[in-house]
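What follows is a set of notes on a single structure, which appears directly below.
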Amino acid sequence: MSPDNPDKSDAVAEVRSLRERVRLLEERLAASDRSMQAQTESLHQKTRILESILDSMSDGIAVADARGHLRMFNPAAADLLGLGPIDAPPGEWPQRYGFHEADKVTPFPPDRLPLVRAIHGESVDDQELYVSRPGGPEGLWLSINSRPIRDAAGEVTGGVSVLRDVSRRVAAEAALERRTAELLRSNTELEQFAYVASHDLQEPLRLILSYGDLLAKRGRDRLDPGAARFLEEIVGNARRMSDLVADLLALSRVGTSTAVVEACDAGLQCDRALASLRDLIEREGATVTRDELPRLAAVPGQLQQLFQNLIANGVKFHDGAAPVVHVSAERRPPLGVVSVRDQGIGIDPAGLEKIFAMFTRLHTRGEFPGSGIGLAICRRIVERHGGRIWAESSPGRGAIFRFTMPLVEGEAA
Ligand code: ADP
């Protein structure tokens, strides 16, 4: 560089600097090119992953643009609908794909189709519809979720639907509904039958009993000892049958009753039960006590009957020692747990469940009288109130019968 030619040396410096800048720019360009390539490869990779996810899904995915053109269908969507994406406006979709309402005959209105609603900016969850699949195998039930697709500015650019085959669930629900309806009908018929049968049996039984008594009184002197004993048997059995029929009637009344649940003072119903058991309690020399009891949501007459059956059993099933029965309760909101505890003969653990079934008795009538229906009535009453009844006991150590029923709101814990 010659100090006597400053212009030239400036120009050389400038060229150098320009070259340096070009080199730097080229380097930067190359770097950004490499980064672009990496990004493109990563995008391709992501697309491939997404494609294989979509291909392997059993749920169908369908995407439409804002004008209702179907842009994407995964294989499951085509499989479920029995037809791939069609080039037709949404108004034709119900007819072409066979979309129907739950009655399977009314065409599904196009503007209520989940994908169409998504294109209009709505989100749809669990919309069920029936697809008759005109061109494919038999129809099926779909549950569809849809969401709008938006661009960075928030404008809706299309919609996506996820289709799930729920045919099995719908068929199971329909079968369950049918079976429940059949059971309800046959149950009502049975209850009616039990009611009519037990009700109509009472009258002839009453006649047998009163003529039997009459014959026993009037014919006392004329009947030989053998005939008198036969008559006694007839009357005794007729009385037993009458008790059985009365119990059956009580059981079927619980089933057919239309009585309504009300706020019910359990203490009062327990006292009423005790009043109607006075003869039995006196005869057995029993002591029956009770704690303060909560208010329960119950049918008063049925709650009284429940106490009556449980207390009567507590008084009845003892050997020797005078029976002692105590009624208590615990508040465990939202339920009240009532316990009837006795100090009688107790129950073998193997019998604790069985005794609530109809006609199940762990003792012969010779040991203790009864029909084996009392606890079945108790269970039916408790279950009708949405509660549970069970027994706790071991032989020789008394028994505790507990039942739950809803507490009346406001009962403190
Ligand atoms: P029933 O009293 O007419 O026999 P239940 O249905 O009331 O019919 O009772 C069924 C059976 O359960 C009784 O026969 C008896 O064997 C047993 N059982 C019920 N309550 C008690 C009790 N408190 N202690 C012992 N055994 C009981």
Check your understanding: Rounded to two decimals, what ratio of Rg to Rh does the range 172-256 give with C-alpha atoms and a Kirkwood Rh?
Key -> 1.32
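Counting each DSSP H run of 4 or more residues in the chain as -39500 (n - 2.57), what helix-only mean residue ellipticity at 222 nm follows after dividing by all residues, to the nearest 500 deg cm²/dmol? Intermediate results must be reported in sequence, preceding the final value.
Values: 9 runs with 194 residues, N = 413.
Dividing the helical sum by the residues of the chain leaves -16500 deg cm²/dmol.
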Study note, to complete from the structure: Distribution output for the chain: share of Cα-Cα pairs per 20 Å bin in percent, first bin at 0, values 18, 26, 21, 20, 9, 4, 2, 1, 0
**Study point:** Rounded to 10°, Cα long-axis angle of helix 300-316 versus longest principal axis of the chain
**Key:** 60 degrees
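Normalised by the residues of the chain, what does the relative contact order come to in percent, with Cα pairs under 8 Å and at least six apart? Spell out each step's value before the answer.
Working: 657 pairs, mean separation 38.2, N = 413.
Rounded, it is 9 percent for the chain.
Run through every distinct alpha carbon pair of the range 232-313 and return the Kirkwood hydrodynamic radius in angstroms, one decimal place.
Numbers: mean 1/r = 0.0692 Å⁻¹.
When all Cα pairs of the range 232-313 are included, the Kirkwood radius is 14.5 Å.
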**Study point:** Stokes-Einstein D in µm²/s, Kirkwood radius over Cα pairs - the range 54-137 at 4 °C with 1.567 mPa s viscosity
**Key:** 99 µm²/s
Exercise for review: Quick one: P(r) of the range 260-413 from all Cα-Cα pairs, 10 Å bins, percents rounded to integers, in order of increasing distance.
Suggested key: 11, 43, 35, 9, 0
Check your understanding: What residues have an amide H closer than 5 Å to that of residue 149, excluding those fewer than 5 places away on the same chain, when H is modeled at 1.01 Å from N in the peptide plane?
Key -> 157, 158, 159, 160
**Study point:** In degrees, nearest ten, helix 225-256 long axis to first principal axis of the chain (Cα)
**Key:** 30 degrees
Practice item. Output the relative contact order of the range 172-256, whole-number percent, from Cα pairs under 8 angstrom with separation of 6+ residues. Key: 48 percent
Exercise for review: Can you tell me the 0 to 90 degree angle between the C-alpha axis of helix 167-218 and the longest principal axis of the chain, rounded to 10?
Suggested key: 10 degrees
Review point. Using just the C-alpha positions of the range 115-178 as equal point scatterers, what log10 of I(q)/I(0) does the Debye formula give at each q in 0.23 1/Å?
Key: -0.91
**Study point:** the range 127-233: radius of gyration and largest Cα-Cα distance (Dmax), Å
**Key:** 35.6, 112
Exercise for review: Would you please give the residues with an amide H less than 5 Å from that of residue 318, counting only those at least 5 places away or on a separate chain, with H modeled from the backbone geometry?
Suggested key: 345
Revision key, fill the gap. If one builds a Gaussian network model of the chain from Cα atoms under 10 Å apart, the most fluctuating residue listed among 229, 19, 112 is 19
Exercise for review: Enter the Cα centre distance for the pair the range 95-151 and the range 181-205, rounded to the nearest angstrom.
Suggested key: 48 Å
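Only the coordinates and a few stated rules stand behind these numbers; no lab work does. All figures in this text were calculated on a predicted structure; none of them were measured in a lab.
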